[in-house]
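The values are calculated or read from the model by the stated rules, or taken from the named source; none is laboratory data. As the structure is a computational prediction, the values presented were derived from the model and not from experiment. Note: ideal-geometry Cβ built from the backbone for every residue, glycine included; neighbour counts use all protein chains shown. Note: areas computed on protein heavy atoms with side chains; ligands, DNA, RNA excluded. Shrake-Rupley method; radii C 1.70, N 1.55, O 1.52, S 1.80 Å.
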Amino acid sequence: LSAKELADFRFENIGFIFQQFHLLPTLTSLENVMSPLFSRKVSYNKKERAEKMLSQVGLKDKLHSLPSQLSGGQQQRVAIARALAMKPHAMLFDEPTSALDPELVGEVLNVMKELAKEGMTMVVVTHEMNFARDVSDKVVFMADGVIVESGNPEAIFEQQQHERTKNFLSRVL
């Protein structure tokens, strides 16, 4: 694929969720979720799709709220709804809970657990080890940008083969 074709493929097929929410501050939750839909030709009603995605992430009552009126967990769920509105084949999450207060982490992880139950393919960079153990089909442990160990959750969490993995998990679990 050319660089443009590859970029188009990524934009159309992969949802991205970042550490920071990247919501437009002057747009409501509904408008933030609808915003990427205007750059695509879609056969469905944009507003209905955005409302459905906000409901899916538990924010039906926040359609007309600005980002400044939402908690960090709610803002991250708006970002997830925005990515889901594009009907991606897979979702990439880069530390989706790192910018959240500990009490808000659970609401974002619950949304991600529901996506996993529905069969959404997700690649998640996280330090939330209990979440990774409970939800993952495959876990990849990396250190300094290098894959140290990979396997199913049982192998990584209970039968580590590398000292670096053992040391890390002994500190965080």
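Exactly one residue out of Glu31, Glu12, Glu48 is over 28 Å from Asp101 (Cβ atoms), without any contact (Cβ under 8 Å) to a residue 24 or more places away in the chain, out of contact with any Lys or Arg (no Cβ under 6 Å at 6 or more places or on another chain) and of a type in the set (Asp, Glu): that is Glu48. Given (1) open to solvent by 90 Å² or more (accessible area, probe 1.4 Å); (2) on the phi > 0 side of the Ramachandran plot, identify the lone condition not met by Gly119. Tallying (1) open to solvent by 90 Å² or more (accessible area, probe 1.4 Å); (2) on the phi > 0 side of the Ramachandran plot, Gly119 fails exactly one: (1). Per this entry, Asp101 is not counted among residues that are within 11 Å of the chain's Cα centre (by Cα) and open to solvent by 40 Å² or more (accessible area, probe 1.4 Å). Here Ala90 fulfils each of the conditions (1) under 13 Å from the mean Cα position of the chain (by Cα); (2) within 24 Å of Thr26 (Cβ to Cβ) apart from (2).
Per the listing Leu24, Leu54, the residue uniquely in a loop (DSSP other than H, G, I, E, B) and under 22 Å from Leu92 (Cβ atoms) is Leu24.
Tally up the residues in region 149-173 that are among the β-branched types (Val, Ile, Thr) and touching a His at 6+ places or on another chain (Cβ under 8 Å), please. Number of matching residues: 1. I'm trying to understand the selection: among the residues of region 46-86, which are closer than 17 Å to Ala116 by Cβ and open to solvent by 40 Å² or more (accessible area, probe 1.4 Å)? Selection gives Gln56, Gly58.
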